[in-house]
């Protein structure tokens with residue numbers, strides 16, 4: 001890896017899933033293997049419902065980082081002066097596994113950070129990730145079939161939750177698809193979780209309280 005292309009780096013609270021409420025630095029890599037990020041290509045993408053801007057390197061503290069050490073320094077700067085005993089960085093995207101590698105994970109660990117990953121699951125996961133969250137998309141081939149957290153954006157017509165229950169994850173979450181039908185999809189997710197108690201409801205709490 002010669003250059004890491006990063007859309008943005010910022011400190012916040014994790015808003016979703018099992019780690020909701022945890023202080024974290026988000027390192028959002030640019031680029032995705034399922035969607036170009038351009039609106040004209042959205043309808044042809046399996047994740048046409050994506051609500052994230054991951055195009056370019058022009059976000060907060062984004063840029064092109066030549067080495068793992070350089071990017072780790074930017075992550076540490078975003079964390080600030082808070083104690084490092086619970087320091088946590090979430091590598092996200094786009095699709096972070098287009099760029100995240102073992103060299104960066106090692107360097108970030110040496111700086112005192114636990115490493116979380118948010119991935120669509122279509123690419124191999126490198127060694128050294130402390131928390132793996134996979135969010136599968138319909139009509140894609142899932143390579144990451146185990147991890148800490150499976151978070152399904154719901155509903156996806158061609159990916160019903162019951163088809164994923166044989167996968168080896170500790171937590172199974174349904175996250176209502178954002179957009180004009182959010183209330184309807186939330187009610188449907190609540191009903192599904194009530195009838196299928198292996199699944200838990202994940203809500204995007206950061207959006208409620210104005211966090212990124």
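The values are calculated or read from the model by the stated rules, or taken from the named source; none is laboratory data. Bear in mind the structure is a predicted one, so any value in this text is a computation, not a measurement. All Cβ positions, glycine included, derive from the backbone under ideal geometry; neighbour counts span all protein chains shown.
Worth a mention:
- Looking only at the stretch 106-129, and only at residues there that are under 16 Å from the mean Cα position of the chain (by Cα) and under 14 Å from residue 27 (Cβ atoms), the one that is surrounded by the fewest Cβ atoms within 10 Å (Cβ to Cβ): 114
- Out of 12, 60, sole residue that is outside any strand (DSSP E or B), surrounded by fewer than 16 Cβ atoms within 10 Å (Cβ to Cβ), in contact with a strand residue (DSSP E or B) (Cβ under 9 Å, 6 or more places away or on another chain) and modelled with pLDDT of 95 or more: 60
- Odd one out for residue 81, checked against (1) more than 12 Å from residue 112 (Cα to Cα); (2) in contact (Cβ under 8 Å) with a residue 40 or more places away in the chain; (3) in a loop (DSSP other than H, G, I, E, B): (2)
Yes/no matrix, rows are residues, columns are (1) part of a helix (DSSP H, G or I); (2) farther than 24 Å from residue 180 by Cα; (3) out of contact with any helix residue (DSSP H, G or I) (no Cβ under 6 Å at 6 or more places or on another chain); (4) without any contact (Cβ under 8 Å) to a residue 40 or more places away in the chain:
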residue: 46; (1), (2), (3), (4): no, no, yes, no
residue: 55; (1), (2), (3), (4): no, no, yes, no
residue: 71; (1), (2), (3), (4): yes, yes, yes, no
residue: 103; (1), (2), (3), (4): yes, yes, no, no
residue: 117; (1), (2), (3), (4): no, yes, yes, yes
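- Test: residue 78 is more than 15 Å from residue 26 (Cα to Cα), surrounded by 14 or more Cβ atoms within 10 Å (Cβ to Cβ), in contact with a strand residue (DSSP E or B) (Cβ under 7 Å, 6 or more places away or on another chain) and at pLDDT 95 or above: no
- Which numbered condition residue 161 fails, given (1) surrounded by fewer than 18 Cβ atoms within 10 Å (Cβ to Cβ); (2) farther than 22 Å from residue 52 by Cβ: (1)
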